[in-house]
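The values are calculated or read from the model by the stated rules, or taken from the named source; none is laboratory data. What you are looking at is a predicted structure, and each value in this text was computed from that prediction instead of being measured. A quick note on method: Cβ atoms are made from the backbone with ideal geometry, for glycine too, and the neighbour counts reach across all protein chains shown. Ligands, DNA and RNA are excluded from the accessible area calculation, which covers all protein heavy atoms including side chains. Shrake-Rupley method; radii C 1.70, N 1.55, O 1.52, S 1.80 Å.
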Amino acid sequence: MKDAAILLVDDEQAILQLLETVLRKEGFETIDKAKTAEEALAACEKKAYDLIVLDVTLPHMSGIDACPFIRRMTEAPILFLSARNTDFDKLTGFAVGGDDYVTKPFNPMEIVARIRALLRRSRKLQPVDASAVNGVFDFGRFQVHEVAGELYVEGKLIACPSLVFQLLLFLCKNPNRIFAKSELYERVWGENSIRDDNTIMVHIHRIRERIEPDPAQPEYLVNVRGLGYKLIKKGLPHER
């Protein structure tokens with residue numbers, strides 16, 4: 001658990017420093033910091049985080065406003081920090097995609113405890129694919145490197161936008177399983193996203209353009225009529 005990558009987002013340097021110091025003392029090593037929502041969004045575009053601590057009151061764009069955009073890029077648990085402590089504020093945080101809500105002032109060790117609880121819950125929900133070796137999902141023609149956030153096709157590094165990569169990674173973790181469009185939205189975009197079938201279709205097409213020998217005749221990412229999509233991996237049992 002201590003290998004988790006954590007993003008701290010707060011416009012107060014003192015809080016960022018306090019949280020980083022406490023987390024490092026507790027053994028967490030991969031910690032990034034951002035002071036604005038814009039910096040947080042840019043960080044999530046470049047890196048996959050296991051958990052995000054997000055202040056509600058940020059300059060320009062609030063944490064509440066930024067959360068839905070972050071949810072489009074990651075399923076990582078989001079812990080809100082806020083001086084606002086009404087039930088309405090807390091419910092709003094959960095409604096936009098937050099997983100926990102702590103009011104300021106707070107006990108730093110409570111934050112650590114909540115982070116550990118969120119990471120445990122998150123990792124229990126994550127699918128485990130025994131075919132992944134050192135975070136690399138090998139499908140023969142192409143390989144997906146989860147930690148590096150890279151896609152290689154026939155040995156060549158292929159540029160892959162964040163959401164396209166997230167969708168491909170999710171399918172790699174669940175090979176030979178059929179997913180309806182609604183399921184893909186919930187797992188990749190987040191359950192609070194506005195659903196649009198065209199969005200899924202566009203991202204499926206972009207994946208096929210990268211991994212398929214002939215995108216018009218897909219061999220790996222196939223459509224099961226009336227049910228959804230699945231990523232085929234030979235040697236594994238096919239299942240619903």
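Annotations
- Global size of the chain as Cα Rg and Dmax, reported in angstrom: 18.9, 57
- Amide H partners (placed H, <5 Å) of residue 177, local residues excluded: 231
- Among 214-222, 179-187, the peptide with the highest mean count of other Cβ atoms within 10 Å heads the list, and the full ranking is 179-187, 214-222.
- Net charge contributed by nearby residues that have their C-beta within less than 13 Å of residue 7 (K/R +1, D/E -1): -3
- What the phi angles of the stretch 137-152 give under the Karplus curve with 6.51, -1.76 and 1.60, with θ = phi - 60°, is a coupling list of 9, 9, 10, x, 5, 9, 10, 10, 9, 5, 5, 7, x, 10, 10, 10 Hz, glycine and proline written as x.
- The stretch 45-110 and the stretch 136-183 have their alpha-carbon centroids 27 Å apart.
- For the chain: accessible area per residue (Å², 1.4 Å): 51 Å²
- Nearest-ten-degree value, helix 197-211 long axis tilted from longest Cα axis of the chain: 60 degrees
- The modelled label-to-label distance between residue 61 and residue 133, using points 7 Å beyond Cα along the C-beta direction, is 4.0 nm.
- Cα gyration tensor of the stretch 1-59 - equivalent ellipsoid semi-axes, whole Å, descending: 18, 15, 7
- Annotation: the stretch 33-80 has a Kirkwood hydrodynamic radius of 10.5 angstrom, from the mean reciprocal C-alpha pair distance.
- Dipole-positive endmost among 157, 133, 53 within the chain (Cβ charges, Cα centre): 133
- Given charges at beta-carbon only (K, R positive; D, E negative), |dipole| of the chain in Debye: 720 debye
- About the centre of its Cα atoms, the stretch 20-85 shows a dipole size close to 80 debye [charges on the beta carbon of Lys, Arg (+1) and Asp, Glu (-1) only; nearest 20 debye].
- Plainly put, the stretch 59-162 has a radius of gyration that is 1.10 times its Kirkwood radius, both from alpha-carbon atoms, as the Rg/Rh ratio.
- Percent accessible area from carbon and sulfur atoms, the chain, protein chains only, probe 1.4 Å: 51 percent
- Stretching residue 121 away from residue 47 to a fully extended chain increases their span by 24.5 nm, per 0.36 nm per residue minus the current alpha-carbon distance.
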